[in-house]
1. Find all pairs meeting these conditions: Cβ atoms under 9 angstrom apart; at least six residues apart or on different chains; first residue within the stretch 50-78 and under 16 Å from residue 4 (Cα atoms); second residue β-branched (Val, Ile, Thr) and not in a strand (DSSP E or B).
2. For the stretch 62-81, how many residues are modelled with pLDDT of 95 or more and either in contact with a helix residue (DSSP H, G or I) (Cβ under 8 Å, 6 or more places away or on another chain) or closer than 18 Å to residue 34 by Cβ (or both)?
3. List every residue pair whose Cβ atoms lie under 6 Å apart, where the two residues are 6 or more positions apart in sequence or sit on different chains, the first residue falls within the stretch 26-43 and is farther than 21 Å from residue 12 by Cα, and the second residue, located anywhere, is at pLDDT 95 or above and surrounded by fewer than 18 Cβ atoms within 10 Å (Cβ to Cβ).
4. Specify the residue that is farthest from residue 146 (Cα to Cα); the eligible residues are those in the stretch 77-132 that are β-branched (Val, Ile, Thr) and surrounded by 14 or more Cβ atoms within 10 Å (Cβ to Cβ).
5. Filter the stretch 1-53 for residues that are of a type in the set (Gly, Ala, Ser) and under 16 Å from residue 101 (Cα atoms) and give the result.
6. What tally of residues in the stretch 86-121 results from selecting those that are touching a residue at least 12 places away in the same chain (Cβ under 8 Å) and out of contact with any Phe, Trp or Tyr (no Cβ under 8 Å at 6 or more places or on another chain)?
7. Does the stretch 116-135 hold any residues that are assigned to a helix (DSSP H, G or I) and at pLDDT 95 or above, and which are they?
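The values are calculated or read from the model by the stated rules, or taken from the named source; none is laboratory data. Keep in mind that this is a model prediction, so the values were computed, not measured. Note that we place each Cβ from the backbone using ideal geometry, even for glycine, and neighbour counts take in every protein chain shown.
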Amino acid sequence: MEYSITLHVNGEERIVTVRPADTLLYTLRKLGLTGAKPGCLNGDCGACTVNVDGWPMKSCLMLGVEAIGKKVTTIEGLKNSPIQQAFVENFAFQCGYCTPGFIMNCQALIEQHPDADDQTIREWLESNICRCTSYIEIEKAVKSVLQRKE
């Protein structure tokens, strides 16, 4: 059985047909939003991270129907954002597969903890896995955005 639901995604109301068991990741793909990447599909890697009401959420663990009434932001909704630019300026990626998830996590970190210290940044970055680059560059990207806000 399928249902039409309305989701608030990247500042727009979007109607999509879903099954009750469809994950948010799969639901976003039905909307043509492919920035959140399927990785482990069990919540370990963070490649599918999106922000839901300002908090990072692994979209492989959340059902699409659970997003009804919430504000969902995907990497497509952060086009030209300061954190994206900081990732480029600080060489905070290599292959790029995990990058959207990291950027979404870092965006939430910046919003939730605008005065984040080194320990807070490290703790937040633990929820995402990158096999290609060091986390030092990612930490530098976050710090550079936090410093701009001061």
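1. 63/27; 64/27; 65/27; 67/27
2. Looking only at the stretch 62-81, we keep the residues that are modelled with pLDDT of 95 or more, and these are 62-78, 81.
Still in the list and also either in contact with a helix residue (DSSP H, G or I) (Cβ under 8 Å, 6 or more places away or on another chain) or closer than 18 Å to residue 34 by Cβ (or both): 62-64, 66-67, 72-78, 81.
Here the count works out to 13.
3. These pairs meet every condition: 43/61.
4. In the first step, residues of the stretch 77-132 are kept if they are β-branched (Val, Ile, Thr); the result is 83, 88, 99, 103, 110, 120-121, 129.
Narrowing further to those that are surrounded by 14 or more Cβ atoms within 10 Å (Cβ to Cβ): 83, 99, 103, 110, 120-121, 129.
Working: 83: 9, 99: 19, 103: 14, 110: 7, 120: 12, 121: 11, 129: 22 Å.
My answer is 129.
5. Looking only at the stretch 1-53, we keep the residues that are of a type in the set (Gly, Ala, Ser), and these are 4, 11, 21, 32, 35-36, 39, 43, 46-47.
35, 36, 39, 43, 46, 47 - these are the residues of the stretch 1-53 that are of a type in the set (Gly, Ala, Ser) and under 16 Å from residue 101 (Cα atoms).
6. Of the stretch 86-121, the ones touching a residue at least 12 places away in the same chain (Cβ under 8 Å) are 86-87, 89-95, 97-112, 114-116, 118, 121.
Filter again for out of contact with any Phe, Trp or Tyr (no Cβ under 8 Å at 6 or more places or on another chain), leaving 86, 89-91, 94-95, 97-98, 100-101, 104, 107, 110-111, 114-115, 118, 121.
Looking only at that region, the number is 18.
7. Of the stretch 116-135, the ones assigned to a helix (DSSP H, G or I) are 118-125, 135.
Scanning the stretch 116-135 gives 118, 119, 120, 121, 122, 123, 124, 125.
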